[in-house]
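S.K.: Quick one: the structure is below, questions incoming.
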Amino acid sequence: MKWVPTPDVFIESFFELAPVSESDIVYDLGSGDGRLLFAAVDKGAGRCVGIDLDTECVQASRETARNKSLDGSITFIEGDMMANDLSPASVVLAYLFGSGCAALRPKLEKELKPGSRVVMEMYPVPGWKPAKTKEIHGRNFYLYIMPPEKTEDYDSATIETAYEYDWFYWP
């Protein structure tokens, strides 16, 4: 599986939509090299958790966290985001294809507490109305606050899975 990082120029967009504080626990779903989580700590997040399937990305992220003396603030989990409990998160960041967003939606609705924030890069969550959007250089970011407002076309029968290539954006 190919990891496609969020370019540095777009990282600030996540935190403009969902500013973080010491009380926040930030999850990055498909965390890659951990760049969003390292930025979250720089912005003041209390704890960060990255989840990624790629062994090499997780190992490199853990090493970077150790080298920056952040291994007490950031945890990287090698695994499937769908198999991990997201309920501790107050902020969730993700960069997934639309079908990946759709497959993740029921999990987010079930596990996230009211007031938790979700920021999606490029693709909106089908059936959710964003609380706020941001466009920069042709790329869209969507903020949702749990529980999200549902759109008129909200369908409670969502897809339960997505193909491996649906989870990540391939430019």
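S.K.: Could you tell me whether the range 1-9 includes any residue that is of a type in the set (K, R) and in contact with a strand residue (DSSP E or B) (Cβ under 8 Å, 6 or more places away or on another chain)?
M.R.: So far as the range 1-9 goes, no, none of its residues is of a type in the set (K, R) and in contact with a strand residue (DSSP E or B) (Cβ under 8 Å, 6 or more places away or on another chain).
S.K.: Could you tell me how many of the residues in the range 106-127 are farther than 10 Å from M146 by Cβ, without any contact (Cβ under 8 Å) to a residue 60 or more places away in the chain and either surrounded by 21 or more Cβ atoms within 10 Å (Cβ to Cβ) or of a type in the set (G, A, S) (or both)?
M.R.: Number of matching residues: 3.
S.K.: Could you tell me whether G127 is over 18 Å from V20 (Cβ atoms), modelled with pLDDT under 95 and touching a Pro at 6+ places or on another chain (Cβ under 7 Å)?
M.R.: On the way: over 18 Å from V20 (Cβ atoms): yes; modelled with pLDDT under 95: yes; touching a Pro at 6+ places or on another chain (Cβ under 7 Å): no.
So G127 fails the test.
S.K.: Taking the range 20-60 on its own, how many of its residues are under 22 Å from A103 (Cβ atoms), assigned to a loop (DSSP other than H, G, I, E, B) and touching a residue at least 40 places away in the same chain (Cβ under 8 Å)?
M.R.: Total satisfying the criteria: 4.
S.K.: Then there's this: May I ask you to say which residue of G30, G44, G100 is under 14 Å from the mean Cα position of the chain (by Cα), on the phi > 0 side of the Ramachandran plot and not charged (D, E, K, R)?
M.R.: Result: G30 is the single residue among G30, G44, G100 that is under 14 Å from the mean Cα position of the chain (by Cα), on the phi > 0 side of the Ramachandran plot and not charged (D, E, K, R).
S.K.: Sticking with this structure for a sec: Does the range 61-71 contain at least one residue that is surrounded by fewer than 18 Cβ atoms within 10 Å (Cβ to Cβ), within 15 Å of E121 (Cβ to Cβ) and free of Cβ contacts under 8 Å to residues at least 12 places away in the same chain?
M.R.: Scanning the range 61-71 turns up no residue that is surrounded by fewer than 18 Cβ atoms within 10 Å (Cβ to Cβ), within 15 Å of E121 (Cβ to Cβ) and free of Cβ contacts under 8 Å to residues at least 12 places away in the same chain.
S.K.: Looking at the structure I just gave you, is S90 surrounded by fewer than 23 Cβ atoms within 10 Å (Cβ to Cβ) and touching a residue at least 60 places away in the same chain (Cβ under 8 Å)?
M.R.: Values: surrounded by fewer than 23 Cβ atoms within 10 Å (Cβ to Cβ): yes; touching a residue at least 60 places away in the same chain (Cβ under 8 Å): yes.
The answer is yes for S90.
The values are calculated or read from the model by the stated rules, or taken from the named source; none is laboratory data. Predicted model, so just to flag it, every value in this text is computed and none were measured. Reconstructed Cβ throughout: ideal geometry from the backbone, glycine too, with neighbour counts over all protein chains shown.
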